Amino acid sequence: DAGVIQSPRHEVTEMGQEVTLRCKPISGHNSLFWYRQTMMRGLELLIYFNNNVPIDDSGMPEDRFSAKMPNASFSTLKIQPSEPRDSAVYFCASSFGKGNQPQHFGDGTRLSIL
Amino acid sequence: AQRVTQPEKLLSVFKGAPVELKCNYSYSGSPELFWYVQYSRQRLQLLLRHISRESIKGFTADLNKGETSFHLKKPFAQEEDSAMYYCALSGGKGGTSYGKLTFGQGTILTVHP
């Protein structure tokens, strides 16, 4: 298995633009997690899904952030409009959805908003 | 509520010295605990989990329920161990956590030559 696949690896865009981050989880995993990592705040859980259904989005910072999981093999995290303070590394992770099972992370998307 | 505390944001040691990265947790049930490692500009990788009771890259971690700790230890640090280390907790195989992990703030380990 290729592991969790995220795209793009890097994204540089101007503030106000829409940004879409993509994630393909490991086949067979039924939980998917979106994280944001910054130096100041560390690793933050934004939202997670189980069986394509959002379970907890309390970590989503603002209405400018939205996430979808239309099927078991694809999820998107969208920021519209983007702001410079959204600059961070965004990770996607997937797991079998059981507490004793580890999460597997993608390589992340390094987002820079100018 | 679940909480994971890593009291040291930065930890520096010399090559060959022992290293211990501290992790304390708060959880009322029976937790599952993990250590993840993130090398420079790479993805987070699972290093070890308490249920496996194994040694990975010379690292070990023992769950101490009395002290609610899961410290990561290595007797002789190597330069390639320099990385960010995260301790994480899950609410066990039951419940409705759906595999959600509560992460600590992370500890940056630097091993000097």
Legend entry - Above-threshold pairs, the threshold being 32 Å between Cα atoms, out of A:Lys68/B:Lys9; A:Lys98/B:Lys57; A:Lys68/A:Lys98: A:Lys68/B:Lys9
Inset, instruction - In whole angstrom, note down how far apart the Cα centers of region B:42-113 and region A:1-59 are. - result: 22 Å
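Per residue Cα convex hull volume for region A:21-101, in cubic angstrom?
94 Å³
Within 10 Å of each Cβ in peptide A:41-48, how many partner chain Cβ atoms are there on average? Round it to a whole number, please.
Numbers: counts 1, 8, 11, 1, 4, 0, 0, 5.
Mean number of neighbouring Cβ atoms from other chains: 4.
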Legend entry - For chain B, the spread of Cα positions along each principal axis, largest first, Å: 45, 30, 24
Legend entry - Coarse-grained scattering of the protein assembly as shown at q = 0.08, 0.14, 0.15 Å⁻¹, given as base-10 log I(q)/I(0) from a Debye sum over alpha-carbon atoms: -0.29, -0.88, -1.00
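Which is the longest stretch in chain B that no exposed loop site breaks, taking sites as GluC sites (Glu not before Pro) with a DSSP loop state and at most 11 other Cβ atoms within 10 Å? Could you put the intermediate results ahead of the total?
Values: sites that count: B:Glu54, B:Glu67.
It works out to B:1-53.
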Legend entry - region B:38-72 residues near the modelled A:Asn100 label - backbone nitrogen below 15 Å, point 7 Å along Cα→Cβ: B:49-54
Legend entry - Average Cα contact separation per residue, chain A, under 8 Å, 6 or more apart, as relative contact order %: 37 percent
Legend entry - In region A:1-88, the GluC sites (Glu not before Pro) that fall in loop regions by DSSP, at most 13 other Cβ within 10 Å: A:Glu14, A:Glu18, A:Glu62
Inset, instruction - Please build a GNM for chain A, connecting alpha carbons under 10 Å apart, and tell me which residue among A:Val89, A:Val53, A:Val12 fluctuates the most. - result: A:Val12
Inset, instruction - Find me the longest stretch of chain B that has none of the exposed chymotrypsin sites (Phe, Trp or Tyr not before Pro), where exposed means in a DSSP loop (not H, G, I, E or B) with at most 13 other Cβ atoms within 10 Å. - result: B:1-38
Legend entry - Over chain B, relative contact order from alpha-carbon pairs under 8 Å, at least 6 apart, %: 38 percent
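We did not get these values from a lab; they are worked out from the coordinates using the rules stated. Fair warning: this is a prediction, and the values are worked out from it, not measured in the lab. Glycine gets a Cβ as well: all are built from the backbone with ideal geometry, and neighbour counts include every protein chain shown.
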